[in-house]
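What follows is a single structure, written as structure tokens, with notes after it.
The values are calculated or read from the model by the stated rules, or taken from the named source; none is laboratory data. No experiment lies behind these values; they were computed from the predicted model shown. Here the Cβ is made from the backbone with ideal geometry for all residues, glycine too, and neighbour counts use every protein chain on show. Side chains are part of the model used for accessible areas, which takes the heavy atoms of the whole protein and leaves out ligands, DNA and RNA. Shrake-Rupley method; radii C 1.70, N 1.55, O 1.52, S 1.80 Å.
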Amino acid sequence: MSLLSVRDLVVGFPSGARAVRSVSLDLEPGERLALVGESGCGKTTTMLAMMGLLPAGTVVSGQVLLDGEDILAGGEASMRPHRWTDIAMVFQGAMNALNPVRRVGAQIAEAVRIHGGGRREGRLRALEVLERVGLPEGVASRYPHELSGGQRQRAVIALALACEPKVLLADEPTTALDVIVQDQIVALLRELSDSLGLAVVLVTHDLALVPRICDRAAVMYAGSVVEHAACADLVRRPLHPYTRRLVEATPDLTARRPLTSIPGVPPRLDLPLTGCAFQPRCTSSLDRCAESPPPPRDLGGGRSCSCHLVEVDA
Ligand SMILES: Nc1ncnc2c1ncn2[C@@H]1O[C@H](COP(=O)(O)OP(=O)(O)OP(=O)(O)O)[C@@H](O)[C@H]1O
Ligand SMILES: [Mg+2]
């Protein structure tokens, strides 16, 4: 049994957009999984569904199993005991969303108190986690605007860790940072995961970042996971045509190859799909790709791919 297992997650917004069509993920303690894909493919929506934080009126189906217990099934009542204490999230853009008029330490202490800790426990825990994420003494009594971007990102990671979660969902935690600070945040997440046994889902659209931090990766396209693989395999030998195009579109300063983009746009999310979602942009599609959606094919060794071409090759 996995620590966290997401099965057949589907999310439909009241607007009619089906932002998540089919997502299944598994995560073991201390494991680091990357969720990659272009903007709008449903990465954040998937994470928010796992936290039970989607707006009212959103229809979510599937299972989110934490130590075997489906925390999605009972709605808010079954999600609340686990949110922040078992599964925590660093929200996309969170470093710019800290409360500007409250000191950093007080914001973390408050999170501890909301989850049943006392005042003193909250204060001590704030100091402890701020130190744990490598921030200098004194940061607890500063306001967010007195911190650099990298320090603010460390502070929001500390906030997420305040209640000692087993799983951290980190949504684009390095996107707004320069490459040097990006490296430091990557090293921090890796170190926290190793030393605390923290399982991490790293959401990113930057494929180059993935092998530096994660063990495995899941590639999302138009609301579905289309390929699962160990990071090294994914980058060296991508199987799904979308993953291949994504690898070719990733800048590599050491390789002398032309950088390509992926022509076309993803399908509309408010319309049903008859075939493979990537078929209109795929340069090697078959007749059947427009007619039926390719089921995920288990290729062994933790690798799976949803593509009719891979079935033909096999
Ligand atoms: N509250 C909402 N109501 C309606 N549609 C939404 C809502 N939130 C997100 N969407 C839509 O769902 C789709 C997936 O959005 P999501 O934010 O999950 O993408 P993402 O993969 O995280 O993209 P990015 O890389 O830009 O962060 C988008 O088309 C978006 O417009
Ligand atoms: Mg997002």
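Is there a residue in region 25-39 that is on the phi > 0 side of the Ramachandran plot, open to solvent by less than 20 Å² (accessible area, probe 1.4 Å) and not charged (D, E, K, R)? Yes, region 25-39 contains at least one residue that is on the phi > 0 side of the Ramachandran plot, open to solvent by less than 20 Å² (accessible area, probe 1.4 Å) and not charged (D, E, K, R).
Regarding CYS214, is this residue open to solvent by less than 20 Å² (accessible area, probe 1.4 Å) and over 19 Å from VAL20 (Cβ atoms)? Against the criterion (open to solvent by less than 20 Å² (accessible area, probe 1.4 Å) and over 19 Å from VAL20 (Cβ atoms)), CYS214 qualifies. Check whether at least one residue in region 158-178 is over 15 Å from the mean Cα position of the chain (by Cα) and within 16 Å of ligand 1 (Cβ to nearest atom), and report yes or no. Yes; the residues of region 158-178 include at least one that is over 15 Å from the mean Cα position of the chain (by Cα) and within 16 Å of ligand 1 (Cβ to nearest atom).
The single residue among VAL226, VAL265, VAL247, VAL219 that is within 16 Å of ligand 2 (Cβ to nearest atom) and either surrounded by 15 or more Cβ atoms within 10 Å (Cβ to Cβ) or not charged (D, E, K, R) (or both) turns out to be VAL219. State yes or no: is GLY42 surrounded by fewer than 19 Cβ atoms within 10 Å (Cβ to Cβ) and within 16 Å of ligand 2 (Cβ to nearest atom)? So GLY42 does not fit the description; no. Sub-7 Å Cβ pairs linking a first residue in region 128-151 that is on the phi < 0 side of the Ramachandran plot to a second residue that is open to solvent by 50 Å² or more (accessible area, probe 1.4 Å) and among the polar types (S, T, N, Q), at least 6 apart or interchain, are GLY150/GLN184, ordered by first then second residue.
In region 50-72, the residue that is farthest from ligand 1 (Cβ to nearest atom) out of those that are closer than 16 Å to SER24 by Cα and of a type in the set (S, T, N, Q) is GLN63.
Of all residues in region 217-264, those that are of a type in the set (Lys, Arg) and over 26 Å from ARG18 (Cβ atoms) total 4. None of PRO100, PRO136, PRO81 is more than 23 Å from THR175 (Cβ to Cβ) and open to solvent by 70 Å² or more (accessible area, probe 1.4 Å) except PRO81. Restricting region 182-207 to residues that are open to solvent by 40 Å² or more (accessible area, probe 1.4 Å) and over 15 Å from the mean Cα position of the chain (by Cα) leaves a set whose member that is farthest from LEU161 (Cα to Cα) is ASP183. If I filter region 7-16 for residues that are open to solvent by 20 Å² or more (accessible area, probe 1.4 Å), within 16 Å of ligand 2 (Cβ to nearest atom), of a type outside the set (D, E, K, R) and at pLDDT below 95, do I get at least one hit? Checking region 7-16: not a single residue is open to solvent by 20 Å² or more (accessible area, probe 1.4 Å), within 16 Å of ligand 2 (Cβ to nearest atom), of a type outside the set (D, E, K, R) and at pLDDT below 95.
Among the residues of region 45-67, what is the count of those that are away from ligand 2 (no atom under 16 Å from the Cβ) and over 26 Å from LEU189 (Cβ atoms)? First the steps, then the outcome.
Our first condition is that a residue be away from ligand 2 (no atom under 16 Å from the Cβ); within region 45-67, this holds for 52, 56-57, 59-67.
Now drop any that are not over 26 Å from LEU189 (Cβ atoms), which leaves 56-57, 59-63.
So the answer is 7.
Whenever a residue of region 247-267 is modelled with pLDDT under 75, it has no partner that is part of a loop (DSSP other than H, G, I, E, B) and aromatic (Phe, Trp, Tyr) lying with C-beta atoms less than 7 angstrom away and at least six residues away or across chains.
Filtering region 272-292 to residues that are open to solvent by 40 Å² or more (accessible area, probe 1.4 Å), touching a Lys or Arg at 6+ places or on another chain (Cβ under 9 Å) and over 28 Å from ALA232 (Cβ atoms) leaves PRO272, LEU273. If only residues of region 168-181 that are outside any helix (DSSP H, G or I) and farther than 16 Å from THR44 by Cβ are counted, the one that is most open to solvent (accessible area, probe 1.4 Å) is ASP178.
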